[in-house]
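The values are calculated or read from the model by the stated rules, or taken from the named source; none is laboratory data. As the structure is a computational prediction, the values presented were derived from the model and not from experiment. Here the Cβ positions follow ideal geometry from the backbone for every residue, glycine too, while neighbour counts run over all protein chains shown. We work out accessible area using only protein heavy atoms, side chains counted, and drop any ligands, DNA or RNA first. Shrake-Rupley method; radii C 1.70, N 1.55, O 1.52, S 1.80 Å.
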Amino acid sequence: MAADMRLPTIRKTVSLSASAFDRKDLVVPGDVITSDTGFMRGHGTYVDDDKLTASVAGEVQRVDKLICVRPLKTRFNGEVGDVVVGRITEVQQKRWKVETNSRLDSVLLLSSVNLPGGELRRRSAEDELTMREYLQEGDLISAEVQSVFLDGALSLHTRSLKYGKLGQGVLVQLSPSLIKRQKTHFHNLPCGASIILGNNGFVWLYPTPGQQEEEAGGFYTSLEPVSLSDREVISRLRNCLLALAAHKVLLYDTSVLYCYESSLQHQVKDILKPDVMEEIVMLTHQKLLEQEG
């Protein structure tokens, strides 16, 4: 039986600030948030003996007099403007059903997609009959949340050219609470790969494309073979994402890039070994703290 052994190495200790351990905004079920009766009870809270108490583990959020607790581990609760990565599960009349890691399947209406060629016109019965030529079951898409229905289901759109059908790449499914909200969730990393950090916890890794034909209207997908170097970069990024998620580190372009740089001294297959993973994440933490100053 093969045994994998590593020699002892000197590790730098990362000094975490005291505020990281003494955070008042993180609660577990049963924690008293406030005993002031002037606050309104929101999601994730209940009143016990005139005290507002947390019913879930998560982060306390205050909006004026309303207090709610945002769970750390939950399904995706979408908001208008969120970027999502999803998979088509069903083709229905004038709409597609999309799995987006939320409680209910999201809806992508035929009127909410760009037609091939970028035509601007009303959707006809002919378009309805050729829906499977645009998107079919199993296809992956990137989209934006257009609106939220009363039952909590999301309505999506892909009207911008940066959204649409996804081609060759790797999908990594993580917790939505680990994705940091930013102005843009599409990043071309300097290591030669690109990443879409979906607010719903679905992360898409793919080789950085050359010029894409705008006439495709978001439906063009390159089927050319991906080079070995690109596949190695994507595999390394995928393992880095899993390592960061295992240690509950927020995912955004800087943290992913720092983790990638810290992992270069190890082989791709070794990144997910517990001791190597801990070392890489510790180095990433250190770089992030140095950047914050």
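Here are the numbers for the structure shown:
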quantity: Cβ-Cβ FRET estimate between Leu72 and Lys162, R0 fixed at 22 Å, reported to 0.05; calculated: 0.15
quantity: Derived scalar couplings ³J(HN,Hα) [segment 277-289; Karplus, 6.51 cos²θ - 1.76 cosθ + 1.60; whole Hz; x for Gly, Pro]; calculated: 4, 4, 5, 5, 5, 5, 5, 5, 4, 4, 5, 5, 5
quantity: Segment Arg62-Leu150, length gained on full extension (0.36 nm per residue, minus Cα span); calculated: 29.4 nm
quantity: Relative contact order (%) - criterion: Cα under 8 Å, at least six apart; region: the chain; calculated: 13 percent
quantity: Semi-axes of the equivalent ellipsoid for the chain, Cα gyration tensor, largest first, Å; calculated: 36, 31, 15
quantity: Value at 222 nm in deg cm²/dmol, rounded to 500, when DSSP H runs of n ≥ 4 in the chain each add -39,500 (n - 2.57); calculated: -6000 deg cm²/dmol
quantity: Shape of segment 135-275, Cα gyration tensor, a/c cut at 1.5; calculated: oblate
quantity: Unpartnered cysteines - no second Cys beta carbon under 4.7 Å - across the chain; calculated: Cys68, Cys191
quantity: Share of carbon and sulfur in the accessible heavy-atom surface of segment 219-293 [1.4 Å probe, %]; calculated: 53 percent
quantity: Net length gained if the chain between Phe186 and Asp36 were fully extended (0.36 nm per residue, minus Cα distance); calculated: 49.7 nm
quantity: Under 30 Å from the Cα of Lys162 - lysines, other chains or at least 8 residues apart; calculated: Lys73, Lys94, Lys97, Lys180, Lys183, Lys248
quantity: Cα convex hull of segment 126-176 - mean projected area over all directions, nm²; calculated: 5.4 nm²
quantity: Rounded, prolate or oblate (a/c below 1.5 giving rounded, otherwise prolate when a/b exceeds b/c) for segment 69-221 by Cα gyration tensor; calculated: oblate
quantity: Whole-percent carbon and sulfur share, accessible surface of segment 33-151, 1.4 Å; calculated: 47 percent
quantity: Whole-number accessible area per residue in Å² for the chain, which is evaluated in the context of all protein chains at 1.4 Å; calculated: 59 Å²
quantity: Mean separation of Cα contacts under 8 Å (6+ apart) over length of segment 37-100, as relative contact order %; calculated: 23 percent
